[in-house]
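Peer 1: The structure is given below, and queries will be raised subsequently.
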Amino acid sequence: GAVVSQHPSWVICKSGTSVKIECRSLDFQATTMFWYRQFPKQSLMLMATSNEGSKATYEQGVEKDKFLINHASLTLSTLTVTSAHPEDSSFYICSARAPTGSAEAFFGQGTRLTVV
Amino acid sequence: KQEVTQIPAALSVPEGENLVLNCSFTDSAIYNLQWFRQDPGKGLTSLLLIQSSQREQTSGRLNASLDKSSGRSTLYIAASQPGDSATYLCAVSFYNTDKLIFGTGTRLQVFP
């Protein structure tokens, strides 16, 4: 299947700093990528849809100025958590659809963010 | 609003048992349904994808069925092994959007 790579796999940062997470489609081009957030023992919640060359579409309740998304190329989307606070600590996962007609979704390895 | 529910929430069984994990969704106008596996602290691994026009898909010891009219999908795991221990998630997508709506998940533990 298609491969989606996410980096870093974990990061610890101080309150008030910003953290950037990268999501790459390694063997296909993705005009659209998705960012999810997952709290412990809970399911995935969609945060935003990242569109190559245009603005991201955020889900209701997600602060776009807090979670900056940039999709500058067909293989890379980045999520920047700005002025991070402890409540932003979570597991963040990105996803992209396969370019085939099946529209199968593939996920990155996830990033564990801890804000201290 | 589409809701996706999975039953049971947790399951603990001895190895060798055949298992049934259930997924139900409220809006039957889905494009496809996908089953994933998630190991603790890891991303999601795609297991099976069922298009709306299909009734089932099989991969090894896994078989997933889809009944759109009743809003249900079932993941069948044959001859379970300790290595099957993980959280299993189902997710549905729709024709007018690329979004995936995830179920609540089933945490499976298979003990030797």
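The values are calculated or read from the model by the stated rules, or taken from the named source; none is laboratory data. This one's a predicted model, so the numbers in the text were calculated from it and none came from an experiment. Counting neighbours? That spans all protein chains shown, and the Cβs are built from the backbone with ideal geometry, glycine included. Ligands, DNA and RNA are excluded from the accessible area calculation, which covers all protein heavy atoms including side chains. Shrake-Rupley method; radii C 1.70, N 1.55, O 1.52, S 1.80 Å.
Peer 1: Output the residue which, of all residues in segment A:22-32 that are within 11 Å of another protein chain (Cβ to nearest Cβ) and among the hydroxyl-bearing types (Ser, Thr, Tyr), is most open to solvent (accessible area, probe 1.4 Å).
Peer 2: So the residue we want is A:Thr31.
Peer 1: Select from segment B:77-112 the residues that are part of a helix (DSSP H, G or I) and open to solvent by less than 30 Å² (accessible area, probe 1.4 Å) and list them in ascending order.
Peer 2: The answer is B:Asp84, and nothing else.
Peer 1: Can you list residue pairs whose Cβ atoms sit under 7 Å apart, with the first residue in segment B:86-109 being over 9 Å from B:Val4 (Cα atoms) and the second being among the charged types (D, E, K, R) and outside any strand (DSSP E or B)? Count only pairs 6 or more apart in sequence or on different chains.
Peer 2: If the second residue must be among the charged types (D, E, K, R) and outside any strand (DSSP E or B), the pairs left are B:Ala86/B:Asp39; B:Ser93/B:Lys99; B:Leu108/B:Asp84.
Peer 1: For segment B:2-21, indicate whether the set of residues that are assigned to a strand (DSSP E or B), within 11 Å of another protein chain (Cβ to nearest Cβ) and exposed (fewer than 14 other Cβ atoms within 10 Å of the Cβ) is non-empty.
Peer 2: yes
Peer 1: Restricting attention to segment B:33-66, and to residues there that are open to solvent by 50 Å² or more (accessible area, probe 1.4 Å) and part of a strand (DSSP E or B), which single residue is farthest from A:Val3 (Cα to Cα)?
Peer 2: Step by step, filter segment B:33-66, then rank; the result is B:Glu56.
Peer 1: Going through segment B:84-100 one residue at a time, which ones are of a type in the set (A, V, I, L, M) and facing another protein chain (nearest Cβ under 8 Å)? Let's see the steps before the verdict.
Peer 2: Looking only at segment B:84-100, we keep the residues that are of a type in the set (A, V, I, L, M), and these are B:86, B:89, B:91-92, B:100.
Those that are of a type in the set (A, V, I, L, M) and facing another protein chain (nearest Cβ under 8 Å): B:Leu89, B:Ala91, B:Leu100.
Peer 1: Which strands (runs of 3 or more DSSP E) does segment A:33-113 wholly contain that include 1 or more residues that are at pLDDT 90 or above and open to solvent by 70 Å² or more (accessible area, probe 1.4 Å)? Before you say what the answer is, go through the steps one by one.
Peer 2: Values: elements: A:44-51, A:67-73, A:76-81, A:90-97, A:105-107.
Per the criteria, A:44-51, A:67-73.
Peer 1: In addition: Which condition does B:Phe25 not pass, out of (1) away from chain A (no Cβ under 11 Å); (2) open to solvent by 30 Å² or more (accessible area, probe 1.4 Å), if it passes all the others?
Peer 2: (2)
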